[in-house]
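Report on one structure; see the data block that follows.
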Amino acid sequence: MSLEGTTVVHRRYVPHSHAHYGGNLVDGAYSLALFGDAATELCIRTDGDEGLFAGYGTVTFHAPVHAGDVVEVTARIVRQGTRSRTVEFTCHVTCRGNPGRGPSAADVLDPPVLAVSATGTVVVPAP
């Protein structure tokens, strides 16, 4: 059975406690941790095991992620080996705080902004 194309989507509000740099900027490791969570669910759904992350082939930071954003992370299997799975990841900002309108104001971004993309390999136990 081909697992290619199997996709998992996670959405998350980025809390202000994760702001790491000036301007409420969140470090890139935040998105990579979300990619790991999505990969874990993907492995559970396809192989009944959490699997192990073997490494990233590419990681590209396209736009900043800020505290107060809502992000959507997608993980999709693009290649299936016997025990390995190549996964494409994206992190899009779907909502962003707008303090110019008020302290709790926010806007839906249409279209969402691509913040991070990556490819990685996960490994699962032999069947």
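The values are calculated or read from the model by the stated rules, or taken from the named source; none is laboratory data. Treat the numbers as computed from the prediction; the structure is a model and nothing was measured. Reconstructed Cβ throughout: ideal geometry from the backbone, glycine too, with neighbour counts over all protein chains shown.
Table: residues versus (1) outside any loop (DSSP other than H, G, I, E, B); (2) over 30 Å from Met1 (Cβ atoms); (3) at pLDDT 95 or above.
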site: Cys43; (1), (2), (3): yes, no, yes
site: Val93; (1), (2), (3): yes, yes, yes
site: Ser104; (1), (2), (3): no, yes, no
site: Pro111; (1), (2), (3): yes, yes, yes
site: Ala126; (1), (2), (3): no, no, no
query = Only one residue in Ala38, Ala54, Ala19, Ala29 is more than 21 Å from Ile77 (Cα to Cα), touching a strand residue (DSSP E or B) at 6+ places or on another chain (Cβ under 8 Å) and among the aliphatic types (A, V, I, L, M). Which one?
reply = Ala19
message = Suppose we keep only residues that are touching a Leu at 6+ places or on another chain (Cβ under 6 Å) and closer than 30 Å to Ala105 by Cβ within region 42-65. Which one would you say is surrounded by the fewest Cβ atoms within 10 Å (Cβ to Cβ)?
response = His62
message = For region 63-98, give me each residue that is more than 19 Å from Leu32 (Cβ to Cβ) and hydrophobic (A, V, I, L, M, F, W, C).
response = Cys95
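Using the structure shown, decide if Ala39 is buried (at least 18 other Cβ atoms within 10 Å of the Cβ) and either at pLDDT 95 or above or hydrophobic (A, V, I, L, M, F, W, C) (or both).
When the stated conditions are applied, Ala39 passes them.
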message = Test of understanding: among Ala115, Ala126, Ala75, which residue is of a type in the set (A, V, I, L, M), in contact (Cβ under 8 Å) with a residue 24 or more places away in the chain, closer than 26 Å to Leu52 by Cα and exposed (fewer than 11 other Cβ atoms within 10 Å of the Cβ)?
response = Ala126
ask   = Of these, Thr58, Thr94, which one is under 20 Å from Leu25 (Cβ atoms) and within 15 Å of the chain's Cα centre (by Cα)?
value = Thr94
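Residues are listed down the side, and each one gets a yes or a no for (1) assigned to a strand (DSSP E or B); (2) over 17 Å from the mean Cα position of the chain (by Cα); (3) free of Cβ contacts under 8 Å to residues at least 40 places away in the same chain:
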{"position": "Ser2", "(1), (2), (3)": "no, yes, no"}
{"position": "Gly5", "(1), (2), (3)": "no, no, no"}
{"position": "Val9", "(1), (2), (3)": "yes, no, no"}
{"position": "Arg12", "(1), (2), (3)": "yes, no, no"}
{"position": "His20", "(1), (2), (3)": "yes, yes, yes"}
{"position": "Tyr30", "(1), (2), (3)": "no, no, yes"}
{"position": "Ala33", "(1), (2), (3)": "no, no, yes"}
{"position": "Gly36", "(1), (2), (3)": "no, no, yes"}
{"position": "Ala39", "(1), (2), (3)": "no, no, no"}
